[in-house]
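Derivation of every value follows stated rules applied to the coordinates shown; laboratory data play no part. This is a predicted model, so every value here is computed, not measured. Note that each Cβ is placed from the backbone with ideal geometry, even for glycine, and that neighbours are counted across all protein chains shown.
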């Protein structure tokens, strides 16, 4: 990626994390100033500073376990004259990149299953992903397998139209697995890649719908080797830690391989990305930073941490 392109993405991530950064920075600077005061300066972080830092990270929804790990690591590493800000940034970056694995795609075309509960922005995220892939020179095909919700297919067609990509659909109430079968066949026949499958917005407690999701998984695997190659769970960043419970259920039922963190621009709890990476060992693949068709972008751990602290490394 060129310098201008990366700086453009950093700007969008920074804008998306503005509310989180505003909450974080003022209190963090106060903690750092106190820690760096001459009467406190030493080769160790004192207990008061450590407690204040941990409380601050938890308030940004980094999560208790990740906050404890960060404070412990910073306390162990701090030396006279080192920046508390840089040490915290380095540890958050390490947490985020520790979960950053890429799935091994085998068959062609690549099949991406998009899952999530109602209200996360899942259907619009599917179209936004298609738009992103098209902008990168790929030829995506969208599968409307959410046949339970009355307006889901129409909504997806409108958004996919904005992206200029084709949609494979069926009548309302049709078997979702049959729509997936049709999409696999159409993708192979038309030479489209990737195939992005929109599934019904499932409540993670609805066992029957989770079973339907597993059926879709089996159909995709039967038709294309290794499919689905990626299972992306769309989480609403505004729900914070509550999203972790959703993620655990979907991991068990659908083999989630990555997260799309939607609505990052609408929350002061953007630290939840760290909690996801630390607690679930799932990478953040993409983030939603607005409501437009182009407002899903690839996640960068470096850009994310820079945006939280509004500085460059």
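Taking the criterion of being surrounded by 14 or more Cβ atoms within 10 Å (Cβ to Cβ) and within 16 Å of residue 89 (Cα to Cα), the residues of segment 24-36 that qualify are 24, 25, 27, 28, 31, 32. Output the number of the condition that residue 155 fails; it satisfies all remaining conditions of (1) out of contact with any strand residue (DSSP E or B) (no Cβ under 7 Å at 6 or more places or on another chain); (2) in contact (Cβ under 8 Å) with a residue 60 or more places away in the chain; (3) surrounded by fewer than 19 Cβ atoms within 10 Å (Cβ to Cβ); (4) over 27 Å from residue 277 (Cβ atoms). Status for residue 155: all satisfied but (2). Scanning segment 159-171 for residues that are part of a helix (DSSP H, G or I) and in contact (Cβ under 8 Å) with a residue 12 or more places away in the chain gives 159, 160, 162, 163.
Check 293, 259, 297, 219 and return the single one that is under 30 Å from residue 164 (Cα atoms), touching a helix residue (DSSP H, G or I) at 6+ places or on another chain (Cβ under 7 Å) and assigned to a helix (DSSP H, G or I). Answer to the check: 219.
Picking from residues in segment 239-256 that are assigned to a loop (DSSP other than H, G, I, E, B) and touching a helix residue (DSSP H, G or I) at 6+ places or on another chain (Cβ under 6 Å), the one that is surrounded by the fewest Cβ atoms within 10 Å (Cβ to Cβ) is 240. Of all residue pairs spaced 6 or more apart or on separate chains, none has beta-carbon atoms under 7 Å together with a first member in segment 217-240 that is free of Cβ contacts under 8 Å to residues at least 24 places away in the same chain and a second member that is part of a helix (DSSP H, G or I) and buried (at least 19 other Cβ atoms within 10 Å of the Cβ).
Residue-by-condition table, conditions (1) in contact with a helix residue (DSSP H, G or I) (Cβ under 9 Å, 6 or more places away or on another chain); (2) part of a helix (DSSP H, G or I); (3) touching a residue at least 12 places away in the same chain (Cβ under 8 Å):
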residue	(1), (2), (3)
120	yes, no, yes
126	yes, yes, yes
146	yes, no, yes
173	no, no, yes
189	no, yes, no
200	yes, no, yes
